[in-house]
Amino acid sequence: MGRHSRSRIEYVKTITWYDFCFNQLSHFYNIKTDYAFTKLIYNNIDKNQDNNLFKRYKYGLSTPQNEWLEIVDLKVIGSAEILTHQIWSDLSNQPQDEELILIQLRKLPGYLTEVLWDKDFYSMREFNKEDLINIAQFSSLNSLAVLYLLHRWGYTIGSHSLINDCNSIIIASLDQLVKKNSHLHRSHVLLFDELFEQIFAINTMGYNRPLKVQFNWRQYREKEWSEDIKNLSIQEENLLVTHPQITQFINSPNLEFAAFHKSLFG
């Protein structure tokens with residue numbers, strides 16, 4: 001039985017985990033290279049050092065199993081929570097059932113979701129766009145997960161306003177998400193491509209059937225992001241596309257044009 005092909009989510013969560021671990025150890029131990037990072041992980045554990053293993057993790061080519069997840073978490077406290085973060089399963093499963101979406105929302109931190117619930121956490125209460133903006137300002141995977149689930153919940157209950165507000169607020173928060181989370185500097189390209197294949201706005205015109213309108217986050221990057229974050233994002237994207245396994249998951253217009261050009265001219 002053949003090994004299943006890796007999904008974009010498996011790449012993005014592993015790259016995010018690796019960069020979180022590297023950045024933490026770089027901060028506390030002043031390491032500068034991937035080799036130094038690997039050596040530090042293997043220090044005081046009963047395993048022969050395998051430099052290729054962590055190189056594969058760095059590019060998302062394989063995902064650490066529980067044993068390695070626990071070993072690394074002892075050296076980088078909290079790193080396991082990055083790899084097992086709820087947002088990855090939510091993006092993979094794309095919940096459509098209203099009750100399941102609410103269950104997933106209840107699992108996220110209360111400081112983000114308390115504004116959404118009645119005092120007993122049994123049902124949703126009235127909230128508004130300002131509340132969504134306040135959630136987005138935390139600029140974390142948790143806040144993104146809340147907005148993503150609210151977007152899906154809006155679709156299940158037929159709230160075009162909630163769908164459109166979540167969509168626009170997510171778009172407006174992307175640059176701060178990258179700026180405030182160094183472990184997303186590489187993986188955000190894959191994360192945002194996955195996200196924007198799933199979220200949308202609803203356009204209603206007259207008596208026509210409502211239309212789903214999807215947005216290109218790169219266009220917003222070009223027009224609205226600060227120069228430093230925009231340049232960082234483009235630089236990291238250019239590095240990612242040099243890896244054949246990763247390129248297939250990147251929705252860059254430049255890649256699409258290159259493929260089209262190659263089909264015409266060889």
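What the table below lists for this structure:
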item: Only listed residue being among the acidic types (D, E) and within 17 Å of H183 (Cα to Cα), chosen from E114, E67, E99, E81; result: E81
item: N44 vs. criteria out of contact with any helix residue (DSSP H, G or I) (no Cβ under 8 Å at 6 or more places or on another chain), at pLDDT below 95 and not in a helix (DSSP H, G or I); result: yes
item: Residue within segment 140-147 that is in the same structural domain as Y29 (by TED's automatic domain parsing), modelled with pLDDT of 95 or more, closer than 23 Å to H183 by Cβ and among the aliphatic types (A, V, I, L, M) present; result: no
item: Options S79, S62: the member that is out of contact with any strand residue (DSSP E or B) (no Cβ under 7 Å at 6 or more places or on another chain) and buried (at least 20 other Cβ atoms within 10 Å of the Cβ); result: S79
item: Residues being buried (at least 17 other Cβ atoms within 10 Å of the Cβ) and in a helix (DSSP H, G or I) - total across segment 98-114; result: 6
item: Residue within segment 2-12 that is touching a His at 6+ places or on another chain (Cβ under 9 Å), at negative phi, at pLDDT 95 or above and not assigned by TED's automatic domain parsing to the domain that holds G158 present; result: yes
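The values are calculated or read from the model by the stated rules, or taken from the named source; none is laboratory data. Note that this is a predicted model, so its numbers are computed, not measured. FYI the Cβ positions are ideal-geometry reconstructions off the backbone, even for glycines, and counts take in every protein chain you see.
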